[in-house]
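One structure below.
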Amino acid sequence: MSDSHELSRRDFIKVTTGIVGGLIGAIIGLPSVYYLIAPALREGGKEAWIPIGKFEDMQIGVPYPFSFTRVQVNGWERTASSFGGYAVRKSDDPNDLFILNSRCTHLACTVNWSAEAEAFLCPCHDAKFSIAGEVLDGPPPRALDVYEEHRVTEEGIIEIFFKES
Amino acid sequence: MWKNIYLWLDERIGFNDLNKNLLDRPEPKTTWWNTLGSASLFLFVLQGLTGIFLTVYYTPSPDHAYDSVQYIMEGVAFGWLIRGIHHWGATLMVILVFIHMLRVFYTASFKYPRELTWLIGIGLFLTTLGMGFTGYLLPWNQKAFWATTVGTQIAGTAPYIGEFILKALRGGPDLSALTLQRFFSAHIWMIPAALAGLIGVHLFLIIKHGESHFPTKDD
Ligand code: HEM
Ligand code: FES
């Protein structure tokens, strides 16, 4: 009767080893997971107004290319990333224009305007976008992205609103 | 279903035999001094794990080594913990391995048939010191730089072949990017591989011979 209620020396060792081992594992294991994914949890999202060109330099109906770089600190290094797009003017009104992002919506190569094809062509998998950014051909799932917000400065310079991811 | 998987594995592996030979071995009367080898093994595994985690951020180039260690300490969640364990574990491992060796000597456990276990133990002690020596340079701070300058210089005082040893250790006459790179390679690949192999043979011999009886006054 009494036997079954008492923990044998062996069982005591087994249980203690299990508990202590589990504790050590958890104390080192959980922080290790955070340690590995820390860069993915970092807040980015700096915002800025970026000048892309003079309104008077842009011709109606001809995509005006622009590009800019943003520098971000990643770990112990500063990483410069390039961005770009095309401003397409529709009339004399400085607000009557749309600004496309040249990052292909398929797998992020950079599209280029081709005057002959009258389309944006992607070098990677032959995608074709219209001047308005709609998909004409190729694998992209949706139209080119647009920079939604822009403004015109007093000097007649177009600026776009940019938010880092 | 689990039971079937267990039975399938058991039939091919033989858990009973394993258990009997590895965990349920007959032992003479033992003391806490007999735990030092296992403690050394635990630290080796711990150093291996934390070391692997360190390589996720550490970079062995003179331009970035220092900054990457700084980043581990300040920029990464729990980086201070992982590096802290690796840093203090390194010191503790050297101490433990040494005390383990002293106990084996004191209890005369190196005698027949365990001479080979002892010889391999000497290899284990030297490779453990090698881990400490090569790891110390990696943070690439002043202390690391000058400690390695002095350490390699000492090796260079050996008669006749001293200069060759110094150049081979440094990868040239000076402490340079080549030194950091080869110390890194030695620290994470060559010496750990040697250490793991030696540990394997060490453990095999221990299981084969069992623990030694401690000598009594009459011996
Ligand atoms: C497979 C095993 C190991 C790997 C992959 C590894 C990896 C690393 C790495 C990447 C560093 C640089 C980061 C830092 O300095 O904090 C480092 C540092 C270091 N390691 Fe290891 N290591 C291992 C095992 C060991 C062992 C067994 C010892 C000692 C007996 C050791 C001793 C050291 C020392 C003394 C440092 C310098 C610590 C400091 O001052 O920060 N390592 N190791
Ligand atoms: S990335 Fe542009 S078509 Fe694939």
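The values are calculated or read from the model by the stated rules, or taken from the named source; none is laboratory data. For clarity, every value in this text was computed on a predicted model and none was experimentally measured. Here the Cβ positions follow ideal geometry from the backbone for every residue, glycine too, while neighbour counts run over all protein chains shown. Surface areas here come from the heavy atoms of the whole protein model, side chains and all, with no ligands, DNA or RNA. Shrake-Rupley method; radii C 1.70, N 1.55, O 1.52, S 1.80 Å.
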Interface residues, region A:3-41 - accessible area loss of 40 Å² or more versus chain alone, probe 1.4 Å: A:28, A:31, A:32, A:35, A:36
If we restrict to alpha carbons, what Rg and Dmax does region A:1-41 come to, in Å? 17.7, 58
Non-local amide H neighbours of residue A:74 (under 5 Å, H modeled in plane, Pro and chain starts lacking H): which ones? A:79
Farthest positive-ward along the protein assembly as shown dipole, Cα basis, beta-carbon charges - from A:79, A:67, A:31: A:31
Region B:195-218 versus region A:61-86: alpha-carbon centroid distance in Å: 63 Å
Once Rh is set to the Kirkwood radius over Cα pairs, what Stokes-Einstein translational diffusion coefficient, in µm²/s, holds for the protein assembly as shown at a temperature of 37 °C and a viscosity of 0.692 mPa s? 119 µm²/s
About the Cα centre of chain B, how large is the charge dipole given +1 on each Lys and Arg Cβ and -1 on each Asp and Glu Cβ? Please answer in debye to the nearest 20. 220 debye
If you consider only alpha-carbon coordinates, what radius of gyration and Dmax does chain B have, in Å? 21.3, 68
All-pairs Cα distance distribution in region A:47-163, expressed in whole percent, bin size 10 Å: 14, 42, 32, 11, 1
Give me the distance in nm between label points sitting 7 Å out from Cα along the Cα-to-Cβ direction at residue B:105 and residue B:17, one decimal. 4.0 nm
Which ³J(HN,Hα) values, rounded to whole Hz and listed in residue order, are derived for region A:152-165 from phi using the Karplus coefficients 6.51, -1.76 and 1.60 in 6.51 cos²θ - 1.76 cosθ + 1.60 with θ = phi - 60°, glycine and proline given as x? 10, 7, 4, 7, x, 9, 7, 10, 10, 8, 10, 10, 5, 7
Hey, got the dipole for the protein assembly as shown? About the Cα centre, +1 on K and R Cβ, -1 on D and E Cβ, debye to the nearest 20? 2160 debye
Please compute how much accessible surface disappears when A pairs with B, both sides summed, using a 1.4 Å probe, and round it to the nearest 100 Å². 1500 Å²
Mind checking the per residue accessible area of chain B for me, 1.4 Å probe, whole number of Å²? 64 Å²
The protein assembly as shown: Lys pairs at Cα distance under 27 angstrom, eight or more positions apart or on different chains: 22
Can you pull the accessible area of residue A:33 for me, 1.4 Å probe, Å² to the nearest 10? 80 Å²
For region B:16-139, count all C-alpha to C-alpha pairs, find those more than 16 Å apart, and express that count as a whole percent of the total. 69 percent
How far is the Cα center of region B:1-42 from the Cα center of region B:93-168, in Å? 31 Å
If you roll a 1.4 Å probe over chain A with all protein chains in place, what percent of the accessible area is carbon or sulfur? 54 percent
What is the set of long-range amide H partners of residue A:53 at a cut-off below 5 Å, with H atoms built 1.01 Å from backbone N? A:158
